[in-house]
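Reviewing the structure listed below.
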Amino acid sequence: MTAEKIYIVDSRADNVFVNQAVEAALTDYIGKGCVALMLWANPDTVVIGRNQDAYAECRVDLLESNGGTLARRLSGGGAVFHNIGDLNFTFVADEELFSKDDDFDVVTAALAKFGITAERTGRNDLTVAGAKFSGNAYRYAGGKKLHHGTLIIRSSPEEVAKYLTPPSDKFAGKSVKSVQSAVVALSSLNPEITRESLTAALKESFVEKYAQADVIFLPPTALGADAVVNYVAFFAVDDWRYGKKTEFAVRFADTVFGRHAVVNAAYDGDALREVRIDTDSLAAESVCAVERLVVDAAAAIDREALAEEDVGETGIRAEADRLRTRIAEEKNAL
């Protein structure tokens, strides 16, 4: 299938919740045969993955006392820090057109214009000579697939580590911290790389990749004010960003879908009431499905979870059954 239209959205909002809302509204907006690229930047911000524990991933108090903002995204993966000099990108496509390879081709082609040879490493990183400058995450939503990431242009490795490395004694032996890698800012490799110059290069590479498609430069206002406002209200609420305050009777370290995790369980008397899994797994919807199934083995599995790669219904149910048994064992051992 060939893309008929491509959309380019260059958001100039400097509020992370507005940008998250525009991204979500764009995902709703595009139709069959369409691919979109959104570019934006936020002031000092830590964005955590959907299933992460905010306080295990970020020095929240330090970030906020310095004027920064904590946000949580709908996709999985690990925590990232970026500032207004860095650049975030989102590719959204009809699921029949979606291709991670094509997305990464656009990004690496844009960087090649500056003499940067980027490599894909691990599960979701872009690196130069072994140093990471981009983390990426993915999401399926109602027939659309989304791929977004951060390109570190100006943030220093010290600044990134300052906010993403929790105090050593906090959640000792329990927290699930994102894997820390050597980080490099792209501007240190080529001073001609700025937010503006890389924005232009990405737009150019995107158009080149889909040369046969009609190009539409879409202002965020075209996505609908009501839709954006409603999404802002969702992303900005404290229960979403920080996580609901729940007293958990059981808490233990485990591995879920091959990623380190902390499993938390709350009870009403002897009845299991809630399970929360803290992890940087990319399979965010599958993790949420496991949380529901541990409590209620008859719960339905959302299509979004079934669409995530390398998991599937059998894997989701098996993980839930295993964790239900483990939680009971941990509770009995108290």
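The values are calculated or read from the model by the stated rules, or taken from the named source; none is laboratory data. Quick caveat: nothing in here was measured; it's all calculated off a predicted structure. Because the Cβ atoms are built from the backbone with ideal geometry, glycine has one as well, and the counts that use them run over all protein chains shown.
Here are some notes:
- Selection over region 100-125 of residues that are surrounded by 22 or more Cβ atoms within 10 Å (Cβ to Cβ) and either of a type in the set (A, V, I, L, M) or touching a Cys at 6+ places or on another chain (Cβ under 7 Å) (or both) gives a count of 4.
- Hits in region 100-132 (condition: in a loop (DSSP other than H, G, I, E, B) and at pLDDT 95 or above): Lys113, Phe114, Gly115, Ile116, Thr117, Ala118
- Residue in region 21-28 that is surrounded by 18 or more Cβ atoms within 10 Å (Cβ to Cβ), in contact with an Asp or Glu (Cβ under 7 Å, 6 or more places away or on another chain), at pLDDT 95 or above and of a type in the set (A, V, I, L, M, F, W, C) present: no
- Residues within region 94-106 that are in contact with a strand residue (DSSP E or B) (Cβ under 7 Å, 6 or more places away or on another chain) and not aromatic (Phe, Trp, Tyr), tallied: 5
- For region 222-260, a tally of residues being outside any helix (DSSP H, G or I), in contact (Cβ under 8 Å) with a residue 40 or more places away in the chain and not charged (D, E, K, R) returns 9.
- Selection status of Ala137, in the same structural domain as Asp53 (by TED's automatic domain parsing) and either free of Cβ contacts under 8 Å to residues at least 12 places away in the same chain or surrounded by fewer than 23 Cβ atoms within 10 Å (Cβ to Cβ) (or both): no
- Restricting region 149-179 to residues that are more than 22 Å from Arg123 (Cβ to Cβ) and exposed (fewer than 13 other Cβ atoms within 10 Å of the Cβ), the residue that is modelled with the highest pLDDT: Glu158
- Number of residues in region 198-221 that are without any contact (Cβ under 8 Å) to a residue 12 or more places away in the chain and part of a helix (DSSP H, G or I) equals 2.
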